[in-house]
Amino acid sequence: MIKFALIKEQKTPPDRRVVFSPNKLQELVKRFPEANFKVQSSDIRIFTDKEYRDAGFKVLEDVSDCDVLLGVKEVPLPALIPNKKYFFFSHTIKRQPYNRDLLREILKLNIELYDHEAIVKGNGTRLIGFGRYAGLVGVYNGFRGIGLKEKLYQLPKVESLPDLDAMLSELDRIKIPPIKIVLTGTGKVARGAKEVLNHLGVKKLNVEEYLEFQGEEAVYCNIDVLDYNKRKDGAPGNQQEFFKTPERYESNFLSFAKTSDLFISGHFYADQAPVFFTANEAKSKDFRIKYIADISCDINGPIASTIRPSTIAEPFYGYNPQTESEVDFREEDSILVMAVDNLPCELPKDASEGFGNMFLEHVFPAFFNNDKDGVLERARMTQNGKLTKKFSYLQDYVDGV
């Protein structure tokens, strides 16, 4: 018998998501009767304590007798329990400075940390995540911002709506202006974004059609890395080569920036990859993009106008290309920027249910089949007070070097 606990989220701002809904937890214990589950009491979780109790689970404050603790976001240092196994997004894999002390404390307390972000197949492909919901909400927010900036229509905030169906119903009420939309990426985020664009009936074009399109209807183009990057030496590009040695490439995104109104970023951005556009390029009179839904949200990185993250409370700000500074997004010459970095929090019910489905399918069996596919082994960042071999590259980060 393994004792599991769903822990309460304690990060600020509050996050209402959870790894398993009450229904999914019921399904799980039927499939894995050797799993014992407790639920830590929470007054912010999207599913109430009563819903878990009604589903047959113990809900209590103290879960320190459990072996494996499942959460979503980082656990505050004082709440960490020594000698336990924890699953959550630690946001330390990229050496994020603000979480250095968290990883240090995890090592000090002999905690075995499994990072959701590191739950991958043998080839490195992510098995679980909230990417689809980031894409869904990010595109909705992009259209909401356009409506506000241009005084075309008003959409409510997603967080005020009960679920995804309600969000899509709100979109059914509006008329999209005849804009050209470029979407980057091919993963879960981009697929979520495409769901919304297709729901709205926005016509999809290939790259050649899109760049030449002059019509009076909303259209979009979904582009991959070789569509907006080219070899510096003029040789044909190769996707695998781009990911291994992106420094051999330069951006070709300006051809899209000159012909697009809305830019939706659903890509993964790697270090040393070319930027999409620079601050100087955004000053050009040929630069057409007026609205950016930056779902990827890399600050001071590949998209020059993303100078800070925005928030669910205040999702939009304006970027003045001439002064390279933040202004009100309603200003006529500003680029509207939506750069919320925790978009799935706006759809906590759907996001939690989707995440639970993935966790049950791809991760949970590994607890009871000796991890035959290596899923847990690949995700384990710390063990016996030390970084595991795969994550030993973080040692200088831990040491503060």
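The values are calculated or read from the model by the stated rules, or taken from the named source; none is laboratory data. A quick note: this is a predicted structure, and the numbers were derived from the prediction, not measured. Don't worry about glycine lacking a Cβ; one is built from the backbone with ideal geometry, like all the others, and counts go over all protein chains shown.
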Checked Lys204, Lys258 against criteria (without any contact (Cβ under 8 Å) to a residue 24 or more places away in the chain, out of contact with any His (no Cβ under 8 Å at 6 or more places or on another chain) and farther than 18 Å from Ser296 by Cβ); the one match is Lys204
Of those in the stretch 339-352 that are surrounded by fewer than 19 Cβ atoms within 10 Å (Cβ to Cβ) and touching a residue at least 60 places away in the same chain (Cβ under 8 Å), the residue farthest from the chain's Cα centre (by Cα) is Lys349
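Hey, does the stretch 329-338 have a residue that's in contact (Cβ under 8 Å) with a residue 24 or more places away in the chain, in a strand (DSSP E or B) and under 27 Å from Leu69 (Cα atoms)?
Here is the first cut: in the stretch 329-338, the ones in contact (Cβ under 8 Å) with a residue 24 or more places away in the chain are 329-330, 335-338.
Okay, now just the ones that are also in a strand (DSSP E or B), so 335-338.
Of the ones still in play, those that are also under 27 Å from Leu69 (Cα atoms) are none.
Checking the stretch 329-338: not a single residue is in contact (Cβ under 8 Å) with a residue 24 or more places away in the chain, in a strand (DSSP E or B) and under 27 Å from Leu69 (Cα atoms).
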Residue count, the stretch 226-280, condition modelled with pLDDT of 90 or more, out of contact with any strand residue (DSSP E or B) (no Cβ under 8 Å at 6 or more places or on another chain) and within 30 Å of Gly318 (Cβ to Cβ), comes to 6
Is it true that Ala293 is outside any loop (DSSP other than H, G, I, E, B) and aliphatic (A, V, I, L, M)? yes
Of (1) buried (at least 16 other Cβ atoms within 10 Å of the Cβ); (2) in contact with a strand residue (DSSP E or B) (Cβ under 6 Å, 6 or more places away or on another chain), Glu326 satisfies every one except (1)
If we ask which residues in the stretch 378-401 are touching a strand residue (DSSP E or B) at 6+ places or on another chain (Cβ under 9 Å) and either of a type in the set (D, E, K, R) or under 16 Å from His91 (Cα atoms) (or both), their number turns out to be 12
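Looking for whichever is among the polar types (S, T, N, Q) and within 24 Å of Tyr133 (Cα to Cα) here; the options are Thr323, Thr306. Which one fits? Working first, answer last.
Working: Thr323 fails: within 24 Å of Tyr133 (Cα to Cα).
Answer to the check: Thr306.
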Item to complete: Would you confirm whether any residue within the stretch 45-54 is free of Cβ contacts under 8 Å to residues at least 24 places away in the same chain and assigned to a loop (DSSP other than H, G, I, E, B)?
Response: yes
It is to be established whether one or more residues within the stretch 320-339 are assigned by TED's automatic domain parsing to the domain that holds Tyr220, modelled with pLDDT under 95 and of a type in the set (Val, Ile, Thr). no
Flagged in the stretch 122-141 as crowded, with 18+ Cβ neighbours inside 10 Å and small (Gly, Ala, Ser), in numbering order, are Gly129, Gly131, Ala134, Gly135, Gly138
Over the stretch 231-278, the set of residues over 25 Å from the mean Cα position of the chain (by Cα), under 22 Å from Gly142 (Cβ atoms) and crowded, with 18+ Cβ neighbours inside 10 Å is Thr259
Looking across the stretch 115-166 at residues that are part of a helix (DSSP H, G or I) and charged (D, E, K, R), the single one that is nearest to Pro348 (Cα to Cα) is Glu159
Going through the stretch 269-320 in order, the residues found to be basic (Lys, Arg) and touching a Lys or Arg at 6+ places or on another chain (Cβ under 9 Å) are Arg288, Lys290
